[in-house]
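Have a look at the structure below, then the notes.
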Amino acid sequence: DLELTGNNASYGTSTANGAQLAFDEVNSAGGINGKKIEFVKADNKSEPAEAANAITKLTTSDKVSVVLGACTSSNTMAMTQIADDQKVPLVSSFSTNPKVTVNDDGSVNPYVYRVCFIDPFQGTVMGNFATNTLKVKKVAVYIDNSSDYSKGLAHFFEESFTKNGGQIVAEEAYLQKDSDFKATLTKLAAANPDMIYVPGYYEEVGKIIKQARDMGITVPITGGDGWDSSKLVDIAGPDALNNTYFTNHYSVQNKTPEADKFISAYKDKYGQEPDAAAVLGYDAATMIIDAIKRAGSAEPEKINAALAATKDLQLVSGKITIDKNHNPVKQAVIIEFKDGQQLFKQAISPE
């Protein structure tokens with residue numbers, strides 16, 4: 001259940017590519033217990049209502065054993081109740097909002113998991129990076145008001161940054177599909193921030209960064225994993241992206257044997273370097289494969305129990321253990337843009 005068309009199609013396509021690679025590797029080695037994995041794709045068109053329709057079809061008429069997806073938090077949150085009701089495990093690769101796995105009342109969704117870190121961690125990492133590495137004191141925050149992801153990330157960043165003694169000097173909002181950000185950027189610049197935090201998705205973020213630089217705003221601009229798409233460079237341009245940083249799940253330059261093997265296989269198959277969505281698609285598929293092997297069964301209930309018991313599983317984005325809230329304990333990385341290239345800045349582990 002992925003964003004194969006619509007505003008977040010770059011994520012969905014990369015995720016599907018990464019997952020397909022993992023399933024192909026297992027199938028070409030003979031499958032699991034002699035059975036091949038069938039990867040049935042459903043397009044949620046980057047919209048929550050469509051995500052709910054897609055998971056309903058996958059679990060009722062397609063009778064899948066596990067669902068992989070969606071990428072964005074809003075789309076996955078539209079699916080969680082259906083996964084729980086149908087008793088079919090759902091593994092999100094890229095949804096970082098805490099509410100994907102844990103409800104407002106503190107209860108854990110019994111059939112929902114993820115392989116990505118969550119926004120409180122991601123927000124804290126950027127808050128600490130802003131204070132300790134960039135040494136900034138005053139920050140303006142620019143939020144995508146149509147996104148649960150963006151609002152959550154802004155909240156956790158602000159909490160961390162102010163706890164460090166930093167000050168939020170301005171906060172403004174935009175909506176997905178907006179294209180002219182100059183009026184709001186003028187307001188943000190008037191507050192004289194040392195940095196602007198833009199926790200959004202690549203489509204709007206690219207335009208925001210381009211327009212900010214065109215207006216002469218030179219301070220660092222930072223964000224989260226929603227920035228990670230090759231399209232960001234196309235939209236913003238390499239020059240505008242200098243002096244920008246974002247939190248991410250992995251970097252192609254943070255060398256490990258697992259990452260090297262994956263990157264090489266991905267390039268061979270798709271002719272391009274994998275972005276974070278591709279890595280997490282591969283990792284989600286790997287976690288599902290590992291759970292099916294340990295369950296020794298294609299029964300959703302048994303796979304669900306195996307997913308919950310995932311411990312010290314080595315993935316491309318790092319080693320993970322699933323905690324009591326069905327979230328992985330893992331590290332994050334900071335990426336810096338230099339002339340349109342993503343450079344690995346530093347890795348930050350959970351405290």
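The values are calculated or read from the model by the stated rules, or taken from the named source; none is laboratory data. Nothing here was measured: the structure is a model prediction, and the numbers come from that model. Ideal geometry is used to build each Cβ from the backbone, glycine not excepted, and the neighbour counts take in all protein chains shown. Accessible surface is based on the protein model in full, side chains and every heavy atom, while ligands, DNA and RNA are left aside. Shrake-Rupley method; radii C 1.70, N 1.55, O 1.52, S 1.80 Å.
State yes or no: is A306 at pLDDT 95 or above, surrounded by fewer than 24 Cβ atoms within 10 Å (Cβ to Cβ) and either in a loop (DSSP other than H, G, I, E, B) or touching a strand residue (DSSP E or B) at 6+ places or on another chain (Cβ under 6 Å) (or both)? Before you say what the answer is, go through the steps one by one.
Values: at pLDDT 95 or above: yes; surrounded by fewer than 24 Cβ atoms within 10 Å (Cβ to Cβ): yes; either in a loop (DSSP other than H, G, I, E, B) or touching a strand residue (DSSP E or B) at 6+ places or on another chain (Cβ under 6 Å) (or both): no.
No.
So in segment 96-109, with the set limited to residues that are modelled with pLDDT of 95 or more and among the hydroxyl-bearing types (S, T, Y), which one is least open to solvent (accessible area, probe 1.4 Å)?
Ranking the qualifying residues of segment 96-109, first place goes to T101.
Being of a type in the set (V, I, T) and either free of Cβ contacts under 8 Å to residues at least 24 places away in the same chain or under 20 Å from L313 (Cβ atoms) (or both) is the filter here; which residues of segment 246-282 pass it? Let's see the steps before the verdict.
Of segment 246-282, the ones of a type in the set (V, I, T) are 247, 252, 256, 263, 279.
Correct list: T256, I263, V279.
Filter segment 199-237 down to the residues that are of a type in the set (S, T, N, Q), assigned to a helix (DSSP H, G or I) and at pLDDT 95 or above and list them by number.
First, pick out the residues of segment 199-237 that are of a type in the set (S, T, N, Q): 211, 218, 222, 229-230.
Still in the running and assigned to a helix (DSSP H, G or I): 211, 230.
Once the filter is applied, which keeps residues that are of a type in the set (S, T, N, Q), assigned to a helix (DSSP H, G or I) and at pLDDT 95 or above, segment 199-237 yields only Q211.
For the structure I just gave you, tell me whether I196 is assigned to a helix (DSSP H, G or I) and among the β-branched types (V, I, T).
When the stated conditions are applied, I196 does not pass them.
Criterion first (part of a helix (DSSP H, G or I) and open to solvent by less than 10 Å² (accessible area, probe 1.4 Å)) does A130 satisfy it?
On the way: part of a helix (DSSP H, G or I): yes; open to solvent by less than 10 Å² (accessible area, probe 1.4 Å): yes.
For A130, the condition - part of a helix (DSSP H, G or I) and open to solvent by less than 10 Å² (accessible area, probe 1.4 Å) - is met.
Under 23 Å from the mean Cα position of the chain (by Cα), surrounded by fewer than 21 Cβ atoms within 10 Å (Cβ to Cβ) and part of a loop (DSSP other than H, G, I, E, B) - does that describe any residue in segment 69-80?
no
Quick grid of which residues meet (1) among the hydroxyl-bearing types (S, T, Y); (2) under 13 Å from V88 (Cα atoms):
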| position | (1), (2) |
| --- | --- |
| I288 | no, yes |
| A298 | no, yes |
| I303 | no, yes |
| S317 | yes, no |
| I322 | no, no |
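Kindly provide the set of residues from segment 18-53 that are open to solvent by less than 40 Å² (accessible area, probe 1.4 Å), in a helix (DSSP H, G or I) and in contact (Cβ under 8 Å) with a residue 24 or more places away in the chain, ordered by number.
G18, A19, L21, A22, F23, V26, A51, A52
From G165, G237, which residue is open to solvent by 50 Å² or more (accessible area, probe 1.4 Å) and either under 19 Å from G127 (Cα atoms) or out of contact with any Asp or Glu (no Cβ under 6 Å at 6 or more places or on another chain) (or both)? Spell out how you get there, then give the answer.
Values: G237 fails: open to solvent by 50 Å² or more (accessible area, probe 1.4 Å).
One residue alone meets the criteria, G165.
What is the one condition in (1) aliphatic (A, V, I, L, M); (2) modelled with pLDDT under 95; (3) open to solvent by 50 Å² or more (accessible area, probe 1.4 Å) that A183 does not satisfy?
It fails just one condition, (2).
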